[in-house]
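A short write-up of the structure that comes next.
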Amino acid sequence: MRITAIEGNMQKLDGGSMYGNCPRAVWERWSPPDEHGRIDLACRAMSIEDGERRVLCETGIGGFFEPKLRERYGVVGGEHVLLRNLAAAGAPHEEIDAVVLSHLHFDHAGGLLAAWAYGVEPTLLFPNARFLVGREAWERACAPHARDRASFIPALPALLESSGRLEIVRRTRRHARRRVSLPLQRRTHPGPDAHRSHDG
């Protein structure tokens, strides 16, 4: 089995927000801010190959934002960097068998979409992959809470459903011989982070 970190588009966000209670005098030694106080953040995906299947965990932010929103959210460049780096690693997106998503915030799922082009509707990439999303994360994306509504891509749920390759992973109490542990919700979900398992 081969596991590889694949770089996607970089993002620049406010360092104080990212480090929280950590004093700037401390975090700026680790992450030097620019003139606007923003720090570089990597959006990496994880490629897993076992000789038979190619699985991608997360897709990063991608290049789907129009220029105005790209500037607002600090996305570096308009190219879809993940696609370039997947191809360079010998795993072009057309050859990915499954994409596993912890949740559908744009910094984790934006890479599912083709790079923005004027007058072109969002287009789903990974044409031969199954898309695995936890039930709680899917329901949250379809009916987002007011505090993180802006973190979702409105068109994405319909695109995933219409692909015919969406798989909603549900909790099971049965102990299976083969299990895949998936993080089904993060950050803004009320309550602690959770991991669920589904049959392999």
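Only the coordinates and a few stated rules stand behind these numbers; no lab work does. This is a predicted model, so every value here is computed, not measured. Positions of Cβ are generated from backbone atoms using ideal geometry, with glycine treated the same way; all protein chains shown enter the neighbour counts.
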Inter-part gap, Cα centre of the stretch 1-69 to Cα centre of the stretch 98-163, in whole angstrom, is 18 Å
Of (i) 19.8, 66; (ii) 16.3, 49; (iii) 17.4, 53, which is the value of Rg and Dmax of the Cα atoms in Å derived from the coordinates here?
(iii)
Glu35 versus Val76: modelled label distance in nm, points set 7 Å from Cα along the beta carbon direction
1.8 nm
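Find me the longest stretch of the chain that has none of the exposed GluC sites (Glu not before Pro), where exposed means in a DSSP loop (not H, G, I, E or B) with at most 12 other Cβ atoms within 10 Å. Present the calculation step by step, with values, prior to reporting the outcome.
Details: sites that count: Glu35, Glu52, Glu79.
Value returned for the longest uninterrupted segment is 80-200.
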Exactly which trypsin sites (Lys or Arg not before Pro) in the stretch 24-95 are in a DSSP loop and have at most 12 other Cβ atoms within 10 Å?
Arg53
Surrounding charge for Gly51, neighbours by C-beta under 14 angstrom, Lys/Arg +1, Asp/Glu -1, total -2
Using θ = phi - 60° and the Karplus form 6.51 cos²θ - 1.76 cosθ + 1.60, what ³J(HN,Hα) does each residue of the stretch 94-108 get, whole Hz, x for Gly and Pro?
5, 9, 7, 8, 8, 10, 9, 10, 5, 6, 10, 4, 5, 7, 10
Given an 8 Å cut-off on Cα distances and at least 6 residues of separation, report the relative contact order of the chain as a percent.
17 percent
